[in-house]
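Notes follow the structure.
The values are calculated or read from the model by the stated rules, or taken from the named source; none is laboratory data. Everything quoted here is computed from the prediction, not taken from an experiment. With ideal geometry, Cβ positions are generated from the backbone for all residues, glycine too; neighbour counts draw on all protein chains shown. Calculation scope for accessible area: heavy atoms of the full protein, side chains included, ligands and nucleic acids excluded. Shrake-Rupley method; radii C 1.70, N 1.55, O 1.52, S 1.80 Å.
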Amino acid sequence: MNSMCGILGLISDTPSGQALDLGSIRHRGPDRQSSVTLGSARLGHARLSIIDLSSGAQPMSDVDGLVTTVFNGEIYNHLELRAELEARGHRFATRSDTEVILNAYLAWGVEGFGRLRGMFALALFDARSGHTVLARDPFGIKPLFWSRSRDGAVGFSSELGALFTLPGMEARPDFTSVLETLTYRHAFGLDTLYEGVQRLEPGTALVVAAQASAVFHVRFGSVSAEVERCRAAQAAQLPGVQDVRERVRDSVDHHTLADVPLGCFLSGGLDSSVVASLLARPDGPPLNAYAVGFESAGSERSELPYAQLVARHLGLNLHPVTVGAADFLTLAPRLSGTLNGPFSEPADVAMLKLSLRAAQDVKVVLSGEGGDESFAGYPKYLADGMAGPLGPAMRLGRRLGLGRAGRLGIAADALSERHAAARWMRWFANNDAPPTLLSGLLMAGARPERARQWVEDRVAAYPAAWSDLQRMQVLDLEAWLPNNLLHRGDYTTMQASIEQRVPLLDRELTPWAVALPRHLKVSRARGKLPLRSAFGPALPREVLERPKSGFRLPLGEWLTTDAALRSMTHDLLLSPSAQLSSLMDRGELSGMLRPQALGTTGGAKLAWTAVNLELWLQAVRAGAVVA
């Protein structure tokens, strides 16, 4: 394998113009930055060395110089593919997974990307045609953004902010995406927070002709198609507990390939505990694990005691990381005060601090991300089955204006929706968005119907034989994960220059798990039954019995009692130059900061969302690529 990194580039009719600003992605690859101009393409790369430390430098070409790539990610089946390609007569000069990508493309074209098991975002220049090909893994684990400039050039980057260092790229907020982010916690589909800037769709290649004269998309991987293939295979014989154990172990084993130290993030929940149990080696040195605790627990419940319990049980070397109000004061501008923001989930601050601590010891961390979507762990997967019997009562409560606060309010809103697509959108929705801000975004041109149409089209394309549970899982794999969780996880870990791997989100595991019938995945009161059955004996009973809960911090207490954090919040939101005041009522902004409003979880998150949105809007105005 080669490296986790960042990529940046431009395809235009004047490729020898302005040099690429690789400093804008240096945190993603502090070990080496380099670029090359080939035909009409400029390809830039910033490297964080993980495997093949001596000979995996990029940009890299095949031995005949036919194709050249810059690549962000890891290919876990590169040894198997290398053997297959060598049998076909392909030659290699390194042991890097990057060179396997080059030869897979030479052997099979764009379809070769569909053979890769791993996470990747890449750009590849083909000297034979003059085309440049962008590609992204089918789960969207690694981000890749692209846009056309004013003069028709095509730019691409691992991060949004770096894209605007390219000539002719303009950062104009997309108010529909801002509205979707406030309402649903992410923008849907391929849209981003900027007009004209798109995410490359997971499992898709964008082929850019020479001089960027034309672009077209080629699909090479589909989660939906893989789920359907696995459903057909399982129809002959349902998998058992041993099958679950073997598949999860195989994925974790593949994800541990590295020539540098690795560790794990540990929350004490089922997913991260399963991963940790498979990483722990009784005959080796203790695995480094990293967990978050709170400076003051307030009304929230810290996950740290569960992480400590698992660490003792498995013999891990646990590094607790304490998060407090001072971290929100110092790290929020780093997260949201650039063109990459806003990152308004309170957990993002904790994740960044956790990553900064882990980076002192390791370059790679494994986490349990993807376990809920793969094995049906979210409570909504259980509750959604009650939409039929409870729907009429929920709709009546909605008409009568009954309370909509907190998680119960979100559940009531979701269950009141008659149509499945609308209901599934609401499960992760934010009911606390300020009314005047939503109105201000609508007046600025936001189109609320865009997200609904994308979800309806997506759901309508799923096979008719799927259960509603499978539809919900795949929708989360196609929207919630790449546009929220994975995007945030990539950004916070790469800010600390470490690589996060997600073995519970894997080509050989995830579609297979989603394809399992409902009765094997969930009961009336519990999800993730396959993981519980397969790994329960290896974990503490408290972990197995622990109810699913989101990552919650005592943010309201800190915003109310910490003088410095309170001062920053007031200065940002109540300043005469506050950008949010052009979109919402100043009185509402002031009301959000009253102690009684901050005393609720929803109220604290609302205020924090406003803080991060203001930081981002100021960065847009100033054109700040980095904090």
Average projected area [Cα convex hull, segment 227-285], square nanometres: 5.9
Segment 502-541: radius of gyration over Cα atoms, expressed as a fraction of 2.2 N^0.38 Å: 1.25
Estimated [θ] at 222 nm from DSSP helical runs (n ≥ 4, -39500 (n - 2.57)) normalised by residues in the chain, nearest 500: -12000 deg cm²/dmol
Between segment 128-160 and segment 426-456, the alpha-carbon center distance in angstrom: 28
Debye log10 I(q)/I(0) at q = 0.13, 0.27, 0.28 Å⁻¹ for segment 576-627, Cα point scatterers: -0.35, -1.03, -1.06
Among 127, 155, 116 - extreme Cα towards positive end, dipole of segment 113-165, charges at beta-carbon: 116
Rounded if a/c under 1.5, otherwise prolate or oblate - segment 283-336, Cα gyration tensor axes: oblate
Farthest positive-ward along the chain dipole, Cα basis, beta-carbon charges - from 553, 292, 572: 553
Overall Cα dimensions of segment 523-627, principal axis frame, Å, largest first: 59, 35, 27
For the chain, size of Cβ-based charge dipole, Lys and Arg +1, Asp and Glu -1, in debye: 1320
For peptides 494-500, 580-586, sequence by mean Cβ density within 10 Å, most packed first: 494-500, 580-586
List 476, 243, 571, ordered by accessible area with a 1.4 Å probe, largest first: 571, 243, 476
Largest-first principal axis extents of the Cα set of segment 247-332 (Å): 39, 26, 24
Per-residue ³J(HN,Hα) for segment 262-273, Karplus 6.51 cos²θ - 1.76 cosθ + 1.60, θ = phi - 60°, Hz, x for Gly and Pro: 10, x, 8, 8, 10, 9, x, x, 5, 4, 5, 5
Of 138, 85, 360, farthest towards positive along the dipole that unit charges on Lys, Arg, Asp, Glu beta carbons give the chain: 138
Cα pair distances in segment 426-487, grouped into 5 Å bins until the bin that holds the longest one, percent each: 4, 13, 19, 22, 18, 13, 7, 3, 1
Long-range tail of P(r) for segment 194-266 (Cα pairs > 16 Å, %): 75
Sequence-distant residues sharing a close amide H with residue 447 (under 5 Å, placed H): 176
Protein accessible area in the chain, 1.4 Å probe - carbon and sulfur %: 53
Quotient of Cα Rg and 2.2 N^0.38 Å for the chain, N being how many residues it contains: 0.93
Burial ranking of peptide ranges 540-549, 555-564 (average Cβ count within 10 Å, highest at the top): 555-564, 540-549
Convex hull of Cα atoms in segment 159-315, direction-averaged projection (nm²): 16.3
The chain: relative contact order as a whole-number percent, Cα under 8 Å and 6+ apart: 17
Residues whose placed amide H lies under 5 Å from that of residue 501, excluding near-sequence neighbours: 365, 366, 367
Alpha-carbon Rg/Rh ratio, for segment 319-371, with Rh computed the Kirkwood way: 0.99
Förster radius 45 Å - calculated FRET efficiency between residue 383 and residue 577, Cβ distance, rounded to 0.05: 0.55
Packing-based order for 477-486, 32-41, 212-221, using average beta carbon neighbours within 10 Å, highest first: 477-486, 32-41, 212-221
Prolate/oblate/rounded label for segment 436-575 (Cα gyration tensor, a/c 1.5): oblate
For segment 456-463, Karplus couplings with θ = phi - 60° (6.51, -1.76, 1.60), whole Hz, Gly/Pro x: 4, 5, 5, 5, 5, 7, 6, x
Estimated vicinal HN-Hα couplings, Hz - segment 525-537 in sequence order (Karplus 6.51, -1.76, 1.60; Gly, Pro = x): 10, 8, x, 6, 4, x, 5, 5, 5, 6, 10, x, x
